[in-house]
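Notes follow the structure.
The values are calculated or read from the model by the stated rules, or taken from the named source; none is laboratory data. This structure is a prediction, so every number in the text was calculated from the model and none was measured. All Cβ positions, even for glycine, are placed from backbone atoms using ideal geometry, and neighbour counts span all protein chains on display. For the accessible areas, the whole protein counts, side chains as well, though only heavy atoms, and no ligand, DNA or RNA atoms are used. Shrake-Rupley method; radii C 1.70, N 1.55, O 1.52, S 1.80 Å.
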Amino acid sequence: RSGGGAWAQIGSSTGSTFTNTGLTGGTAYSYYVTAYDGVGNESAASATATATPWSSRAYQPNGYTIEQGTLTGGSLSSLYSNDSVRLHVTRTGTIASFYARTTIAVAERATLRKLAISYNGYASSPSASMTLAVWNWSTSSWQTVDGPRAATTGDRSFTWTNTSAPRNYVSSAGEIRYRVRGERPSGASFNTRTDQIRYTIEY
């Protein structure tokens, strides 16, 4: 049964397992099991077990800050989806860097169990190196989650996931920051191009 509602049969199995799908996150579900013998006699009910599936939510960036370089194409909306309409941060010299941010509900942070951040983008020059990082609020520093590694001039997707201490990466006000940084030691101009950053939480 769901919450304090009426009991209802949800299925049957001839094996030792059964999977209940299509549940609502954050809602408590209670279960008991009975068994039938070969002639249809039903056993007494087992003890009741209760479980609450996680709730999940996806967030888009609601802002960004350019740390080094100049915006030469795209906008905040370019970070919403993988549609090839990219945000370009151009730099002549060494480093092109920006971070995208979003804000989740404080109540969701309080029970946060998992944080995943997805990225899709590339650098315009293969001689650049790319580093991805997430801001760790507990240490007040950027924590590298991928790289530095040689850049690619074609799309590269990457997803970082944390289940051990996800609240370390969310401020008390619910803010999450994710940084994209490209570096080209030769000093020639290049840009970082990003067209998807998505934050997914489970709580």
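Placing +1 on the Cβ of each Lys and Arg and -1 on the Cβ of each Asp and Glu in region 141-203, which of SER172, GLY187, GLY154 has its Cα farthest towards the positive end of the resulting dipole? The residue sitting most towards the positive pole is GLY187. Contact order, relative form, for the chain: 26 percent (alpha carbon pairs under 8 Å, 6 or more residues apart, mean separation divided by residue count). Think of it as helices only: each DSSP H run of n ≥ 4 in the chain is worth -39500 (n - 2.57), and spread over all residues that comes to -500 deg cm²/dmol at 222 nm.
Rounding to the nearest 20 debye, state how big the charge dipole of the chain is about its Cα centre with +1 on each Lys and Arg Cβ and -1 on each Asp and Glu Cβ.
Computed charge dipole of the chain: roughly 640 debye.
Ignoring any ligand, DNA or RNA, what whole percent of the accessible area of the chain comes from carbon and sulfur when the probe is 1.4 angstrom?
That fraction is 47 percent.
In terms of overall dimensions, region 35-127 has a Cα radius of gyration and Dmax of 24.5, 81 angstrom.
Just to confirm my numbers, what's the Cα centroid distance between region 3-32 and region 149-193 in Å? Taking the Cα centre of region 149-193 as reference, the centre of region 3-32 is 40 Å away.
Binning the alpha carbon pair distances of the chain at 10 angstrom intervals from zero yields the distribution 8, 28, 23, 15, 12, 9, 4, 1, 0, expressed in whole percent.
The charge dipole of region 106-203, taken about its Cα centre with unit charges on the Cβ of Lys, Arg, Asp and Glu (plus for the first two, minus for the last two), comes to roughly 80 debye. With both labels modelled 7 Å from their Cα along Cα-to-Cβ, the SER164 to VAL85 distance reads 3.9 nm. Loop-located chymotrypsin sites (Phe, Trp or Tyr not before Pro) in region 84-120 (DSSP state not H, G, I, E or B) with no more than 11 neighbouring Cβ atoms inside 10 Å do not occur.
Compute log10 of I(q)/I(0) for region 142-203 with the Debye formula, placing one identical point scatterer on every Cα and leaving out solvent, at q = 0.21 Å⁻¹, to two decimals. The Debye formula, applied to the Cα set alone, gives -1.03. Placing unit charges on the Cβ atoms of the charged side chains and taking the dipole of the chain about its Cα centre, the candidate lying farthest along the positive direction among THR27, SER46, ALA8 is THR27.
Near the amide H of SER55, within less than 5 Å, lie the amide hydrogens of GLY26, TYR203, all on another chain or at least 5 residues away, with H placed in the peptide plane. Note that the chain presents 52 Å² accessible area per residue, ligands and nucleic acids not counted, probe 1.4 Å.
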